[in-house]
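Read through the structure below, which is laid out as structure tokens, and then see the notes.
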Amino acid sequence: ATDAIEVDAAGLALAPGFIDAHTHDDRIVLDKPDMLPKISQGVTSVVVGNCGISLAPVTFESDPPAPMNLLGGREAYQFPRFAAYANALRQSAPAVNVAALIGHSALRLAAVRDVGRKANSAELAEMCALADAAMNEGATGFSTGLFYPTNAAADEEEVSAIAARFARQGGIYATHMRDEFDRVLDSIDETVRTANAANIPVVVSHHKCAGPANWGRTFETLPRLEAAAAQHRVNLDVYPYAAGSTNLRMDLVTSDYPIRISWSKPHPEMTGRELSSIAAEWGCDLHEAARRLDPAGAIYFQMDEADVRRVMSSRLAMIGSDGLPHDIHPHPRLWGTFPRVIGHYARDQKLFPVETAIHKMTGLTARVFNLADRGLLKPGAFADLVLFDPATIIDKATYDVPQALSLGIARVYVNGRLAFTPEQGVIARAGRLIGGRNNVHGE
């Protein structure tokens, strides 16, 4: 083929643009639409609204509760309807495409007077109406964060009733399960029952077996998920690290694994330090140190590397960064996930072929989230493309220096426009809202 511009790609590999299956980029695509942490990795599309946390449809008169504060303060929540968020995306014109889930915590905080209990019938009806409106306005699906206090009081009946409304319009359901520690198998069973009751495809978010007592239990969880997937559409996402990150929570504070502070409102000077070191300096125990630091965020080194590898190798697994872009000292997954999977795990460790790695972040993800004409290289598809050097691609972000550009990405195209090169940085912002009713080519 010939065109006005030809690129010499000798020695490089061409792949579909990477799709980040699990992000919390809801606000950053508006505030910093260049999206350098993602587009510099070859990511051309992000799925936002995970873990029950989304900017729409909810507003707050005071600071939002955890975990909603992971997306920012009261000023971040300006969208009582999803249509307002979709309009803000069009105006910001981010460098990457955005597929948006609607968070159950957002729905509950908008409609349920006391989120510490199950929704009553009137509140459930209001949440269902908000769900219908969001899907009509371009949302892709639904997410829960049953692990979090704003969502934990919801039972299977409440979740399945709302999920069923998304299912009616072809939506998908993603869940941060109720428990990823001792009761992980019970949580998988609950997830599958809920999805079956709602007749909706389901994604188990950032699948892990957390805490040293549960290391190795992927030998139990993955067969359970495989058996479920034989009867129902079940997938999972995973990030390529043995540490997770969320709010600093008392129930996660322990001496069983290291904990690093990613931000602290009352003590910003402690950002990036180990909780144990802070406690020693203050002459107190870990829980007292955590109380003094709160509200805060943390990185928890709570997984086993062998489990991470087994989850990544599952045929059900997509790649998602789960990065928290508002953290002052973020987990390195925000900047390094995709080159790390390709360069470290596929090329260097030979965990699976590079082609398998690419599929887990392109074609598989596009199929799971119903992103038509994305995730594939074919005539007529959207030209989301990544040129990379398979010999040099690698992540450079670390837990000590988490904000670092990866190596080996040569060119990134979004919707047919050259969007990024390492020499020029972000060149164009050609992203758009995708998924849901935005799947028609040309919209």
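The table for this structure:
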{"read-out": "Selected residue (criterion: farthest from GLY380 (Cα to Cα)) from residues of the stretch 418-439 that are of a type outside the set (Asp, Glu) and without any contact (Cβ under 8 Å) to a residue 24 or more places away in the chain", "value": "GLN424"}
{"read-out": "Test result for ALA289, in contact with a helix residue (DSSP H, G or I) (Cβ under 6 Å, 6 or more places away or on another chain), without any contact (Cβ under 8 Å) to a residue 24 or more places away in the chain, of a type in the set (Gly, Ala, Ser) and more than 18 Å from ALA66 (Cβ to Cβ)", "value": "no"}
{"read-out": "Meets criteria (of a type outside the set (A, V, I, L, M, F, W, C), surrounded by fewer than 17 Cβ atoms within 10 Å (Cβ to Cβ), touching a helix residue (DSSP H, G or I) at 6+ places or on another chain (Cβ under 7 Å) and under 21 Å from LEU418 (Cβ atoms)) for PRO390", "value": "yes"}
{"read-out": "Wholly within the stretch 1-115, strands (runs of 3 or more DSSP E) carrying at least 2 residues that are open to solvent by 10 Å² or more (accessible area, probe 1.4 Å) and touching a Leu at 6+ places or on another chain (Cβ under 8 Å)", "value": "13-16"}
{"read-out": "Selected residue [in contact with a Gly (Cβ under 6 Å, 6 or more places away or on another chain) and more than 14 Å from GLN41 (Cα to Cα)] from ALA391, ALA383, ALA372", "value": "ALA383"}
{"read-out": "Top-ranked residue of the stretch 231-266 - restricted to ones that are part of a loop (DSSP other than H, G, I, E, B) and open to solvent by 50 Å² or more (accessible area, probe 1.4 Å), ranked as farthest from HIS207 (Cα to Cα)", "value": "PRO266"}
{"read-out": "Matching residues in the stretch 275-313 - criterion: being within 18 Å of SER255 (Cβ to Cβ), outside any loop (DSSP other than H, G, I, E, B) and of a type outside the set (A, V, I, L, M)", "value": "SER276, SER277, GLU281, TRP282, HIS287, GLU288, ARG291, ARG292, TYR300"}
{"read-out": "ILE393 without any contact (Cβ under 8 Å) to a residue 12 or more places away in the chain and hydrophobic (A, V, I, L, M, F, W, C)", "value": "no"}
{"read-out": "Sole residue being open to solvent by 10 Å² or more (accessible area, probe 1.4 Å) and among the hydrophobic types (A, V, I, L, M, F, W, C), chosen from ALA174, ALA131, ALA139, ALA122", "value": "ALA122"}
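Residue-by-condition table, conditions (1) outside any loop (DSSP other than H, G, I, E, B); (2) open to solvent by 10 Å² or more (accessible area, probe 1.4 Å); (3) more than 26 Å from ILE299 (Cβ to Cβ):
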{"site": "ARG178", "(1), (2), (3)": "no, yes, no"}
{"site": "ASP182", "(1), (2), (3)": "no, yes, no"}
{"site": "GLU190", "(1), (2), (3)": "yes, yes, yes"}
{"site": "ALA195", "(1), (2), (3)": "yes, no, yes"}
{"site": "HIS206", "(1), (2), (3)": "no, no, no"}
{"site": "ALA210", "(1), (2), (3)": "no, no, no"}
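The values are calculated or read from the model by the stated rules, or taken from the named source; none is laboratory data. In this text, all values refer to a predicted model and were calculated from it rather than measured experimentally. Positions of Cβ are backbone-derived with ideal geometry, glycine not excepted, and every protein chain shown enters the neighbour counts. Please note that ligands, DNA and RNA were not included when accessible areas were found on the heavy atoms of the full protein model with its side chains. Shrake-Rupley method; radii C 1.70, N 1.55, O 1.52, S 1.80 Å.
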